[in-house]
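The values are calculated or read from the model by the stated rules, or taken from the named source; none is laboratory data. Treat the numbers as computed from the prediction; the structure is a model and nothing was measured. Virtual Cβ from ideal backbone geometry, glycine too; neighbours counted across all protein chains shown. All accessible areas refer to the heavy atoms of the entire protein, side chains included, with ligands and DNA or RNA removed. Shrake-Rupley method; radii C 1.70, N 1.55, O 1.52, S 1.80 Å.
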Amino acid sequence: MPQLSKTLEYRRARWLADGQNLEDHVRQAWARFPTQVERAIIRRDGAAVTGARCRDDASRGFAVHCVRYVDRQGVGTIPMLPANEIDLGERHPEENENFLNAGFVALIRRNDVVCLDCGRNAGSLRNYFVELFRKAGMAEESRQFELARIGNPNRLALIERIGVRSIDLTVDISSATAENITESAGGMGVWESFRRGIGSTINALTARDDDLTDLRRSERGTVKMSINVKRGDLEIVKHSLDRLAGDVSEDDEAENFVINLGDYPLDASTSLGHIGDNRGCSPCRPKSSPFASSSPASPMTMRA
């Protein structure tokens, strides 16, 4: 048999309202519907998705296995006896059964999610949970979330532990002013929001003079924006900068950014140096012995 490769994804639930816990919501909805028939959600295309089984691993999380099917839909069959021409057949499901169309698996621990075959941007998993929560009569806030992909958890841990001093964002002029960027509609991530905003700024700066419009045609030009928070600024502002840095580092579309981590005390457990590129963190080495000085260390950087 041919070998199949599948990829696990790590995602995190992000909520519109504070204080939400995806694991708690899933447990509550699952308990509301004790059978797979009751847990079924009918999609607009006529297919159904239902929770086939679960595994409660206590403090380790709550795992679910969901399947998709079309009620009473048959499957085509191909005769395999040698013949000049063949007629295709069709086989219908037996009574009280349906043919499996697809399936996906997820482990939820608080707001952390590990998923397998959960669709583009984990859309199959999220849509099922949203409709299951609605069917269970749960509050609207329980349905207002996204499953954001976490490319490198180590980065987020560093940002949370050390704090961000500044963020440098760089975007190509040609990319920022492209029509499909500046005039596209629908949802967008933090990087596309930045790129679209820069495109609008360039268009506004060059609109007053025809001679300036040629700037929009640059193939190698770039625009750089630096966001800095000085010492003594409001703590809420520093928290927002840390959050923005986390959003940028997690965005799959982020192309060219530098996150400068703030000064922090030097101790035996601290690793200093350059953090790796967008594909992961490279090992960090101390610039000096951690016992040599008690003065603040040099800043660290994260790069795309």
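Observations on the structure shown:
- Positions within segment 94-149 being touching a Ser or Thr at 6+ places or on another chain (Cβ under 8 Å) and closer than 13 Å to VAL26 by Cα, in sequence order: PHE133
- Selected residue (only one of ARG32, ARG44 is surrounded by fewer than 10 Cβ atoms within 10 Å (Cβ to Cβ), charged (D, E, K, R) and within 23 Å of GLY137 (Cα to Cα)): ARG44
- Segment 215-254 - residue that is in contact (Cβ under 8 Å) with a residue 40 or more places away in the chain and acidic (Asp, Glu) and, of those, farthest from ASN121 (Cα to Cα): GLU219
- Considered as a group, the residues in segment 150-168 that are over 20 Å from the mean Cα position of the chain (by Cα) and among the aliphatic types (A, V, I, L, M) include one that is farthest from HIS25 (Cα to Cα), and that residue is ILE167.
- 3 or more residues under 30 Å from LEU147 (Cβ atoms) and either among the hydroxyl-bearing types (Ser, Thr, Tyr) or modelled with pLDDT under 75 (or both): qualifying strands (runs of 3 or more DSSP E) within segment 218-304: 300-303
- LYS6 fulfils the conditions (1) under 21 Å from ALA136 (Cα atoms); (2) modelled with pLDDT under 95; (3) exposed (fewer than 15 other Cβ atoms within 10 Å of the Cβ) except for a single criterion, (1).
- Of all residues in segment 9-23, exactly one satisfies the criterion of being touching a residue at least 60 places away in the same chain (Cβ under 8 Å), over 13 Å from the mean Cα position of the chain (by Cα) and open to solvent by 50 Å² or more (accessible area, probe 1.4 Å), namely LEU16.
- Residue satisfying all of: in segment 77-101; over 27 Å from ARG120 (Cα atoms) and either in contact (Cβ under 8 Å) with a residue 24 or more places away in the chain or in a strand (DSSP E or B) (or both); most open to solvent (accessible area, probe 1.4 Å) among these: ARG91
- Looking across segment 35-71 at every residue that is modelled with pLDDT under 95 and among the basic types (Lys, Arg), the one that is farthest from GLU23 (Cα to Cα) is identified as ARG44.
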